[in-house]
Structures are given as structure tokens and as C-alpha cells.
Amino acid sequence: MRRVCKPNGRIIMIEHVLSKNSLIALWQRLHSPLTRWLVGVNIDRDTAGNIRKAGLKIIKEENIALKDVFKFFVCRPNKG
């Protein structure tokens, strides 16, 4: 996404991420192999970390559902 985004463009994502709540995170880690096998979905990803590793800057991060499991991200390419 970074490669094709204009320098002043934005990338908008709604993602499910690993919760910061330890009980929810435990549930996610236990069930992720099953959801990955059934429907190909990882429910325990570090999406914010992956966004940064991809060379993007998070300009907005908002919890939208299930405490902090579903998040709204707005990102931009890092300059340089």
C-alpha cells in the first residue's frame, strides 16, 4: 500500500487486532489457530506494529468495537 499511495495520500483501514486486555488476548491467542484454519483469519495480529514496519505512519488510531479488538487506522507513507 505504501508503494502506491501518493506522498500526501491516506490509507484507511478497519482491522481486528490483538487486544491489550489480557483475558481477551488469551482468548484470541487460543482461538486464532482455529479461525485461521476455518476462514483464514488471524485474530491476534499486531496490526499497529505491522503498519509501522511497512513504512507507514499512523495518524489516527481509534477503538471501534469489542473494547479494542476492532480498530480504525488512518496512515500515511513515512517521508524519506
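Only the coordinates and a few stated rules stand behind these numbers; no lab work does. Quick caveat: nothing in here was measured; it's all calculated off a predicted structure. Cβ placement follows ideal geometry from the backbone for every residue including glycine, while neighbour counts extend to all protein chains displayed.
The residue list Ser19, Ser32 contains one member that is surrounded by 12 or more Cβ atoms within 10 Å (Cβ to Cβ) and more than 14 Å from the chain's Cα centre (by Cα), which is Ser32. Checked against the criterion of being of a type in the set (Val, Ile, Thr), farther than 14 Å from Gly9 by Cα and touching a strand residue (DSSP E or B) at 6+ places or on another chain (Cβ under 8 Å), the candidates Val39, Val74, Val69 yield just one match: Val69. The number of residues in the range 63-80 being closer than 15 Å to Ala25 by Cα and surrounded by fewer than 13 Cβ atoms within 10 Å (Cβ to Cβ) comes to 3. Within the range 1-58, the set of residues being in contact (Cβ under 8 Å) with a residue 24 or more places away in the chain, assigned to a strand (DSSP E or B) and among the hydrophobic types (A, V, I, L, M, F, W, C) comprises Ile11, Ile12, Met13, Ile14, Leu56. One residue stands out in the range 47-62 among those that are surrounded by 13 or more Cβ atoms within 10 Å (Cβ to Cβ) and of a type in the set (Val, Ile, Thr): the one that is nearest to Ser19 (Cα to Cα), namely Thr47.
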